[in-house]
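Read-outs: derived from the displayed coordinates by stated rules, not from any lab. Bear in mind that the values here come from a model prediction, so they are computed numbers and not experimental data. A quick note on method: Cβ atoms are made from the backbone with ideal geometry, for glycine too, and the neighbour counts reach across all protein chains shown.
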Amino acid sequence: MSDSDPKAIWNGRYARQALACDEDWLQAWDALLPRSGTALDLGCGDGLETTRLLDRGLAVTAVDISVQALARARQRNPQAQHRRADARELVGMADSSFDLVLAHLSLHYFDRADSLRAFAEVARVLKPQGLLLAGLNADDDVNYGAPADASGWGLTMVDGLPKQFFTEAKLLELLTATSLQAVQLRKRESLRYGAPKSLWELVARKTGA
């Protein structure tokens with residue numbers, strides 16, 4: 001595995017230090033989120049969101065591509081299930097098995113084809129009427145590498161990792177291609193990593209009975 005491999009980069013980062021400040025941004029979505037059932041924390045990182053989901057009474061499966069992230073997350077939340085998985089191929093996860101998929105800053109590393117694969121996988125594992133809550137790089141996230149023109153699907157290299165920066169049109173394109181229907185889509189500013197970060201927060205529901 002080379003040093004340019006995303007898994008190697010994330011393992012190195014998580015081996016050195018915690019990467020994020022705890023930011024209780026989920027509180028803003030309290031009225032929409034379930035208080036029982038099953039949740040998938042997709043790209044769990046340090047496990048900050050997993051903790052919040054467990055506190056809500058959800059049974060949580062937390063996944064990440066980084067073994068170092070999973071080691072941190074297991075230590076923080078031993079009552080959750082932890083698995084190594086890629087958002088584009090959620091191997092071993094059954095169809096219609098989660099009431100909620102939380103993907104906070106984990107679905108913006110792909111080109112158009114792989115973004116479609118990842119959103120299709122989210123739709124597959126969600127139960128009918130289940131919710132996706134995602135935070136994604138916004139097109140004006142200039143402090144964290146957003147290009148001058150983010151309208152296309154090209155990736156931007158930032159600190160050794162390819163990143164996607166989303167316009168509203170690109171997000172809606174992904175939803176249109178799946179069985180996910182937007183409930184809310186809004187921008188907000190996060191201070192989770194120090195400098196202000198512009199991101200989209202998306203809530204989408206899986207359609208069907």
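Sort 70-79, 44-53 for me by packing, meaning the mean count of neighbouring Cβ atoms within 10 Å per residue, highest on top.
Working: 70-79: 16.5, 44-53: 24.8.
The peptides rank, most packed first, as 44-53, 70-79.
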query: Does region 64-176 come out rounded, prolate or oblate, given a ≥ b ≥ c as the square roots of the eigenvalues of its C-alpha gyration tensor, rounded meaning a/c under 1.5 and, failing that, prolate meaning a/b above b/c?
result: oblate
message: Nearest 500 deg cm²/dmol is fine: what mean residue ellipticity at 222 nm does the chain get from its DSSP H runs of n ≥ 4 alone, each adding -39,500 (n - 2.57), divided by its residue count?
response: -7500 deg cm²/dmol
query: Using the Karplus equation 6.51 cos²θ - 1.76 cosθ + 1.60 (θ = phi - 60°), what ³J(HN,Hα) coupling, rounded to whole Hz, does each residue of region 92-99 give in order, writing x for Gly and Pro?
result: x, 9, 6, 4, 6, 10, 10, 7
- prompt: Of Glu121, Glu173, how do they rank once you tally other Cβ atoms within 10 Å and put the fewest first?
  reply: Glu173, Glu121
- prompt: How would you order 94-105, 185-196 from highest to lowest mean count of nearby Cβ atoms within 10 Å?
  reply: 94-105, 185-196
- request: Among DSSP beta bridges lying fully in region 21-206, give the percent that are antiparallel, nearest 5.
  value: 50
- prompt: Which residues' amide hydrogens lie under 5 Å from the amide hydrogen of His104, considering only partners 5 or more residues apart or on another chain, with H built in the peptide plane?
  reply: Leu42, Gly135
- prompt: Amide H neighbours of Phe110 under 5 Å, counting only residues 5+ apart in sequence or on other chains, H built in-plane at 1.01 Å?
  reply: Gln164
field: Approximate spin-label separation Arg35-Asp111, in nm, with each point projected 7 Å along Cα-to-Cβ
entry: 4.6
message: Taking a ≥ b ≥ c as the square roots of the Cα gyration tensor eigenvalues, with a/c under 1.5 meaning rounded and otherwise prolate when a/b beats b/c, else oblate, which class fits the chain?
response: rounded
task: For the chain, please report how many Lys pairs fall under 21 Å Cα to Cα, leaving out neighbours fewer than 8 apart on the same chain.
output: 8
- prompt: Is the shape of region 18-102 rounded, prolate or oblate, going by the alpha carbon gyration tensor and its root eigenvalues a ≥ b ≥ c, with a/c under 1.5 for rounded and a/b larger than b/c for prolate?
  reply: oblate
- request: Go through region 143-157 residue by residue and turn each phi into a ³J(HN,Hα) via Karplus (6.51, -1.76, 1.60, θ = phi - 60°); whole Hz please, and just put x for glycine and proline.
  value: 5, 10, x, 4, x, 4, 10, 9, 6, x, 9, x, 8, 10, 7
query: Can you give me the Cα centroid spacing of region 67-110 and region 120-147 in angstrom?
result: 14
message: Let me spell out the model: positive unit charges on the Cβ of Lys and Arg, negative unit charges on the Cβ of Asp and Glu, origin at the Cα centre of the chain. What dipole size does that give, in debye rounded to 20?
response: 500
task: Go through region 65-82 residue by residue and turn each phi into a ³J(HN,Hα) via Karplus (6.51, -1.76, 1.60, θ = phi - 60°); whole Hz please, and just put x for glycine and proline.
output: 7, 9, 5, 5, 4, 5, 4, 5, 5, 4, 5, 6, 10, x, 7, 8, 7, 10
